[in-house]
Each structure stands twice: as C-alpha cells, then as structure tokens.
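Written below as structure tokens is the structure these notes are about.
The values are calculated or read from the model by the stated rules, or taken from the named source; none is laboratory data. Everything numeric here is computed off the predicted structure, so don't read it as measured data. Cβ coordinates were reconstructed from backbone atoms using ideal geometry, including for glycine residues, and neighbour counts include every protein chain displayed.
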Amino acid sequence: MELNADRERIENKLEIGKEMLYLSRNEVEETGLTVDDILDLTHSALVAHGNKDYEMPAKVGVHPFKEVFFHAMPAYVPSKKAVGIKWVECYPSNPEKYNLPQTTGLLIINDVLTGCPVAVMDATWVTSMRTPAVTVLAAAELHPEAETFGMFGCGIQGIEHCRYIVKTLKKLKKIYVYDIKEKAADLLIQAVQPQIDIEIIRGKDPETVTKSCEVLSSATVILLETLAVVKDEWVSRGQTILPCDLNTFWDPITSKRADKYIVDSAEEHELFAETGYFPAGLPEIACETGEVLAGNNPGRETENELIVCSNIGMAVCDVVVGKEIFIRALENGLGRKLPL
Ligand SMILES: NC(=O)c1ccc[n+]([C@@H]2O[C@H](COP(=O)([O-])OP(=O)(O)OC[C@H]3O[C@@H](n4cnc5c(N)ncnc54)[C@H](O)[C@@H]3O)[C@@H](O)[C@H]2O)c1
C-alpha cells in the first residue's frame with residue numbers, strides 16, 4: 001500500500017497532529033486480533049527483519065535496581081508503514097512482591113509521513129502475544145515434524161505459548177509443561193486444555209520434560225546470572241530449544257555447543273552481553289531468526305543438529321502488531337481520542 005493510501009485510512013478518522021488515540025489494555029484486546037492474525041503480522045515483521053527491511057537500533061535501557069531493566073524499543077518497518085516505540089520494563093520480582101506482572105509497558109505509534117504520534121496503547125497484551133508468535137513461527141521453520149513440545153514457566157508467556165504452538169507444529173501430539181510452582185502448571189492446564197486438542201501433561205521435573213520433548217521453550221525470569229536449571233547432559237542432538245528468557249534457564253554449555261545458535265537480533269544479544277548478561281560469554285551467532293523465516297538462511301540442515309534459537313523480543317514485531325491494532329481500533333471506534 002502506498003504511503004498516501006495508508007495515511008488516508010487514518011486521516012478520515014483522526015485529525016493527525018491535533019489528536020491521538022489512547023487504548024487501554026482491554027481496548028487493545030477488543031480490537032479482536034486472533035492468534036492467526038498475530039501470527040501473520042509477526043511473520044511479516046520477522047520476514048521484513050530477515051530481508052533487512054527495517055530500522056531498529058538496539059534497546060536503550062535504564063536499570064534502577066540490579067536485575068531490572070527498562071528498554072526503549074523504537075522501530076520502523078517501511079513495507080508495513082509502521083513506525084513507533086515501545087517503552088517496556090522487566091521487573092522479575094513484581095509477581096511475588098507486588099502481585100503485578102513482570103513485564104508491562106506502553107507502545108506509541110506514529111504517522112510515517114509527518115511523524116506525529118497517532119496512538120498510545122498499553123503494550124502488555126501486544127508483548128504477551130507477539131512473543132509466543134515468534135517462538136512458534138521459529139519452531140515451525142526449525143522443527144516442523146516435532147510431535148512433542150515442552151514449556152518451562154507457566155505464567156503469562158507459558159500459557160500463550162501453549163495456545164500458539166498448536167497452530168504451527170502440525171504433527172504435535174503432546175505438550176509437557178513445568179513450573180517451579182506446581183499451581184502455575186495446573187492453572188495453565190486448566191486454562192488452555194479446553195481450548196486445544198493436544199494433550200497437556202504436567203512434567204515431573206525439568207529433566208523429564210527436557211528428555212521427553214523435541215522442541216522446548218522457556219519463559220521464566222531474566223537474570224544476570226544463569227540458573228542453569230536444565231543441565232547440558234539432559235539435552236540431546238536433534239532438539240530445538242527456544243528460550244524467551246535469554247541466558248537464565250539453560251546450562252550455558254548447551255548454547256555454546258549447539259550446532260547453531262540463532263537469535264532474533266544479534267545486535268540486541270550483543271548489547272545484553274555488554275550489560276552483564278551471558279556471564280559465560282555470548283555464544284557464536286549463526287544467523288537471525290528472521291533470516292530463516294525469510295528463506296535467506298537454511299536454519300536446520302540435518303535432523304541431528306542441536307539448535308538453540310534465542311528470541312529476546314524485537315520492536316519490529318511490536319510496531320507491526322501495534323499499527324494493526326491502531327487501525328482496527330479507529331475503524332471500530334474503540335479507545336479515547338486525546339488532544340495533543
Ligand atoms: N523474549 C521476549 O520477547 C519476552 C517478552 C515478554 C516476556 N519475556 C520474559 O519471559 C519470562 C516470563 O514472562 P511472563 O510474563 O510469562 O512471567 P510470569 O511471571 O507470568 O511467569 C513466569 C513463570 O515462570 C515460573 N518460574 C520462575 N522461575 C522458574 C524456574 N526456575 N523453573 C520453572 N519455572 C519458573 C514462575 O513460577 C512463573 O509461573 C520473563 O523472563 C520475561 O522477561 C520475554
């Protein structure tokens with residue numbers, strides 16, 4: 001779509017430069033984007049990234065306490081006419097200390113032609129949806145024949161990962177889930193099992209889950225030091241491991257000895273390493289997730305390869321999904337217009 005045509009969709013409903021749309025978390029959800037919509041949008045963002053059709057400087061951050069970060073995540077994706085910035089925080093102890101999510105944030109969407117802000121929206125839902133979308137799209141490219149999927153961490157991300165994985169791994173037969181809190185695993189099963197046909201089993205321990213699954217993901221906590229919950233000796237050749245929690249959950253030896261260590265953004269991973277994550281050193285990066293999805297890199301080449309694909313989150317996905325949310329909200333009269 002041409003820039004002017006794209007803008008007309010906005011101009012008819014919003015006085016650009018004079019007002020913007022504010023969307024609460026509920027209003028973001030009410031736009032009605034489905035799992036399939038999020039998968040399509042995230043796929044297009046990853047392919048754009050893989051084709052270098054983007055501008056996305058590595059996250060600029062501030063760190064009020066040890067183990068917490070705020071990130072400014074700007075991105076421009078020309079092919080999607082999407083530009084904006086997410087301001088996101090990661091406070092790992094929020095759930096225990098304050099009964100609040102680890103990750104919250106705001107997303108600003110701008111008009112490409114004039115730069116004016118056109119929307120500010122809660123970014124919690126966008127983050128909780130685009131993150132599993134990246135994992136499961138990568139899983140489908142790297143391990144399409146997988147019959148077993150294991151999920152470590154049964155919180156917000158764990159729940160969505162189980163809902164999303166059934167969409168892309170077409171041969172899936174079993175999902176194993178594990179959480180340090182048994183109750184969280186039970187709640188995940190209660191919430192997701194009625195929505196999907198694949199059996200979800202609460203794993204006995206990390207070792208059993210690791211040894212039972214071809215594809216594994218983790219969404220627990222992001223800490224400077226690795227917890228190495230999964231020991232390297234439990235991991236076998238041929239498996240695909242997709243952490244959302246950087247270097248925390250897996251034995252660092254596993255990522256280092258993997259045949260391929262793929263990341264969503266090399267620049268972001270290098271920045272995390274510079275700020276003290278990956279104390280054992282950043283593994284050598286084979287390629288980026290988007291390059292595999294765009295067909296610019298083969299990804300898995302043999303059945304025996306051990307692949308670790310670490311996706312820490314990219315603003316290209318946020319602005320592409322956020323732009324669509326904004327357009328749908330405008331079309332459906334959702335949200336509140338606020339004067340600039
Ligand atoms: N990569 C990304 O783009 C991205 C996006 C959002 C969140 N995240 C990260 O994903 C992780 C999970 O986020 P969330 O919103 O689902 O958090 P959450 O608090 O809702 O869930 C985390 C779950 O992990 C469990 N857990 C913690 N330590 C564990 C351990 N050692 N073993 C097993 N389970 C353990 C907790 O009990 C909890 O149930 C966080 O680290 C967050 O920063 C990554």
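Checking every residue in segment 97-113 against the condition of being more than 16 Å from the chain's Cα centre (by Cα), surrounded by 20 or more Cβ atoms within 10 Å (Cβ to Cβ) and under 26 Å from Val308 (Cβ atoms) gives zero matches. Can you spot a residue in segment 92-99 that is farther than 30 Å from Ala184 by Cα and either not aliphatic (A, V, I, L, M) or not in a loop (DSSP other than H, G, I, E, B) (or both)? No, every residue in segment 92-99 fails to be farther than 30 Å from Ala184 by Cα and either not aliphatic (A, V, I, L, M) or not in a loop (DSSP other than H, G, I, E, B) (or both).
Conditions (1) touching a residue at least 40 places away in the same chain (Cβ under 8 Å); (2) within 18 Å of Met121 (Cβ to Cβ), marked per residue:
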| residue | (1), (2) |
| --- | --- |
| Met20 | yes, yes |
| Val28 | yes, yes |
| Asp36 | yes, no |
| His49 | yes, no |
| Val60 | no, no |
| Cys90 | yes, no |
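Residue selection: Glu324 satisfies the criterion of being within 20 Å of Tyr76 (Cβ to Cβ), surrounded by fewer than 23 Cβ atoms within 10 Å (Cβ to Cβ) and out of contact with any Lys or Arg (no Cβ under 8 Å at 6 or more places or on another chain). Identification of helices (runs of 4 or more DSSP H) wholly contained in segment 229-340 with 2 or more residues that are modelled with pLDDT under 95 yields 266-274. Screening Gly17 with (1) under 30 Å from Ala294 (Cα atoms); (2) away from the ligand (no atom under 16 Å from the Cβ); (3) at pLDDT 95 or above; (4) not aromatic (Phe, Trp, Tyr) gives one miss only, at (1).
Considering every residue within segment 39-60, establish whether at least one is in a loop (DSSP other than H, G, I, E, B), assigned by TED's automatic domain parsing to the domain that holds Arg328, in contact with a Ser or Thr (Cβ under 8 Å, 6 or more places away or on another chain) and among the acidic types (Asp, Glu). Yes, segment 39-60 contains at least one residue that is in a loop (DSSP other than H, G, I, E, B), assigned by TED's automatic domain parsing to the domain that holds Arg328, in contact with a Ser or Thr (Cβ under 8 Å, 6 or more places away or on another chain) and among the acidic types (Asp, Glu). Here Glu225 fulfils each of the conditions (1) within 25 Å of Ile312 (Cα to Cα); (2) modelled with pLDDT of 95 or more; (3) surrounded by fewer than 15 Cβ atoms within 10 Å (Cβ to Cβ) apart from (2).
Does Asp205 satisfy being in contact with a helix residue (DSSP H, G or I) (Cβ under 6 Å, 6 or more places away or on another chain) and surrounded by fewer than 22 Cβ atoms within 10 Å (Cβ to Cβ)? Here the answer is no, as Asp205 does not meet what is asked. Evaluate the following for Ala139: is it more than 9 Å from the ligand (Cβ to nearest atom), among the hydrophobic types (A, V, I, L, M, F, W, C) and part of a loop (DSSP other than H, G, I, E, B)? In short, no. When Gly84 is tested against (1) assigned to a strand (DSSP E or B); (2) within 14 Å of the ligand (Cβ to nearest atom); (3) not polar (S, T, N, Q), exactly one condition is not met: (2). I'd like to know if segment 68-75 contains one or more residues that are away from the ligand (no atom under 13 Å from the Cβ), within 24 Å of Asp6 (Cβ to Cβ), assigned to a strand (DSSP E or B) and not assigned by TED's automatic domain parsing to the domain that holds Leu293. Yes: segment 68-75 contains one or more residues that are away from the ligand (no atom under 13 Å from the Cβ), within 24 Å of Asp6 (Cβ to Cβ), assigned to a strand (DSSP E or B) and not assigned by TED's automatic domain parsing to the domain that holds Leu293. Residues of segment 218-228 that are touching an Asp or Glu at 6+ places or on another chain (Cβ under 7 Å), assigned to a loop (DSSP other than H, G, I, E, B) and not β-branched (Val, Ile, Thr): Ala219, Leu223, Leu224, Ala228.
Scanning segment 250-272 for residues that are of a type in the set (A, V, I, L, M, F, W, C) and surrounded by fewer than 17 Cβ atoms within 10 Å (Cβ to Cβ) turns up Ile253, Ala266.
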